Ligand code: NDP
Ligand code: ZN
């Protein structure tokens, strides 16, 4: 079969791969819709996973099942399925401990385009189909369904990690597709004020539609200083980090009230350490919590998130700025994510068979 792969660091292209083999609990799907991700860019061009060769890319998509293993109970050939980017091993000790996302070792639930071939191919493999897939809800647009693989779950996880409650003031740092979903998640969890940090006009418009009350540009000076000024020196109750660098933690700690939470979902690609400013961290006694996490996967999780879409509580279609058709557009879609033109939020490619 044809697969679009990271051939080597900084090099991608179409290659031939054997069709994946279906285990007794597994499913084989063909893609119906696919999206490229900032994480693909980190993988190929920023050495996030090291020296991978001939690794099929792609971890965001919707599939049609072409084969199921003989122990799969709830899915059959022809079903159209939501496929979370994270597909844990549900029998693992980590899953039993409540952290399925780290099954088999830290970040081990992230399999597609990491420890096995991803979805940018004629066929892809899903482990533990009953536990990791969900049916595409009736009538859901395939592009929107693709946002349920990673963007919505990751942004919403940022809001969970930041432990947002009714009336909290929140700063969301970064309003690419992940941060925009974090804005919506913060809004649904009852934030009173949401300061959204970004500079691209498209993203700002969508951030407002998702519930941002104030916009701050990191290009106009230190974010912490802008937030402190806007809050009469008080700072915010919660911070979600969905963009920036290792230095962004320093900003987040500075703008956070004592007892506050920082939820990070941003990938930290450079440097050996993150900096926590000692005095702003209450000289070690400020009860300022810092948590970082990979999104949760699994069927129940994606079904619940999908129900927020079908009930109209969140509309991920606002993220989709570019729509392509056909497998041969995968490369253009990936390069668009790498080059990030100002009008891009998220691209999808619909595949017609
Ligand atoms: P984008 O690149 O689309 O968005 C990044 C955002 O951060 C933009 O709003 C950008 O502003 C802003 N930004 C850039 N530099 C700074 C800075 N110095 N200070 C503050 N804000 C800044 O990324 P995505 O939304 O696609 O992804 C965000 C992150 O989430 C990535 O690191 C990605 O790898 C990670 N991720 C994590 C997952 C998880 O499970 N934890 C899953 C998927 C992705 P501007 O408007 O100027 O562009
Ligand atoms: Zn992704």
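The values are calculated or read from the model by the stated rules, or taken from the named source; none is laboratory data. Quantities reported herein were computed from a predicted structural model and do not represent experimental measurements. Cβ atoms come from the backbone with ideal geometry, glycine included; neighbour counts cover every protein chain shown.
Results, tabulated for the structure shown:
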{"item": "Any hit, the range 195-205, residues being within 19 Å of residue 37 (Cα to Cα), touching a residue at least 60 places away in the same chain (Cβ under 8 Å) and more than 9 Å from ligand 1 (Cβ to nearest atom)", "result": "no"}
{"item": "Close pairs (6 angstrom Cβ cut-off, 6 or more residues apart or separate chains): on the phi > 0 side of the Ramachandran plot in the range 171-186, within 16 Å of ligand 2 (Cβ to nearest atom) and modelled with pLDDT of 95 or more anywhere", "result": "174/242; 174/243"}
{"item": "The range 169-194, subset within 11 Å of ligand 1 (Cβ to nearest atom) and assigned to a strand (DSSP E or B), residue surrounded by the fewest Cβ atoms within 10 Å (Cβ to Cβ)", "result": "173"}
{"item": "Hits in the range 42-73 - residues which are part of a loop (DSSP other than H, G, I, E, B), in contact (Cβ under 8 Å) with a residue 60 or more places away in the chain and closer than 18 Å to residue 111 by Cβ", "result": "48, 49, 57, 58, 59, 69"}
{"item": "From 63, 108, residue being buried (at least 16 other Cβ atoms within 10 Å of the Cβ), within 16 Å of ligand 1 (Cβ to nearest atom) and under 22 Å from residue 153 (Cα atoms)", "result": "108"}
{"item": "When residues of the range 238-290 are limited to those that are in a loop (DSSP other than H, G, I, E, B) and touching a residue at least 40 places away in the same chain (Cβ under 8 Å), the one farthest from ligand 1 (Cβ to nearest atom)", "result": "269"}
{"item": "Residues being within 16 Å of ligand 2 (Cβ to nearest atom) and out of contact with any strand residue (DSSP E or B) (no Cβ under 7 Å at 6 or more places or on another chain) - total across the range 89-115", "result": "5"}
{"item": "Selection status of residue 234, farther than 27 Å from residue 343 by Cβ, more than 16 Å from ligand 2 (Cβ to nearest atom) and assigned to a helix (DSSP H, G or I)", "result": "no"}
{"item": "Any chance residue 209 is in contact with a helix residue (DSSP H, G or I) (Cβ under 8 Å, 6 or more places away or on another chain) and either part of a helix (DSSP H, G or I) or in contact (Cβ under 8 Å) with a residue 60 or more places away in the chain (or both)", "result": "yes"}
{"item": "Flag for residue 138 being away from ligand 2 (no atom under 16 Å from the Cβ), farther than 18 Å from residue 260 by Cβ and surrounded by fewer than 17 Cβ atoms within 10 Å (Cβ to Cβ)", "result": "yes"}
{"item": "Condition check for residue 18: more than 16 Å from ligand 1 (Cβ to nearest atom) and crowded, with 21+ Cβ neighbours inside 10 Å", "result": "no"}
{"item": "Qualifying residue in the range 298-312 (condition: assigned to a helix (DSSP H, G or I), within 20 Å of residue 172 (Cβ to Cβ) and without any contact (Cβ under 8 Å) to a residue 24 or more places away in the chain)", "result": "no"}
{"item": "Odd one out for residue 226 among (1) in a loop (DSSP other than H, G, I, E, B); (2) surrounded by fewer than 24 Cβ atoms within 10 Å (Cβ to Cβ); (3) in contact with a strand residue (DSSP E or B) (Cβ under 7 Å, 6 or more places away or on another chain)", "result": "(1)"}
{"item": "Residue identified as more than 16 Å from ligand 1 (Cβ to nearest atom) and in a loop (DSSP other than H, G, I, E, B) among 31, 24", "result": "24"}
{"item": "Test: residue 138 is within 30 Å of residue 15 (Cβ to Cβ), away from ligand 1 (no atom under 16 Å from the Cβ) and at pLDDT 95 or above", "result": "no"}
{"item": "Filter pass, residue 37 being within 16 Å of ligand 1 (Cβ to nearest atom) and touching a strand residue (DSSP E or B) at 6+ places or on another chain (Cβ under 7 Å)", "result": "yes"}
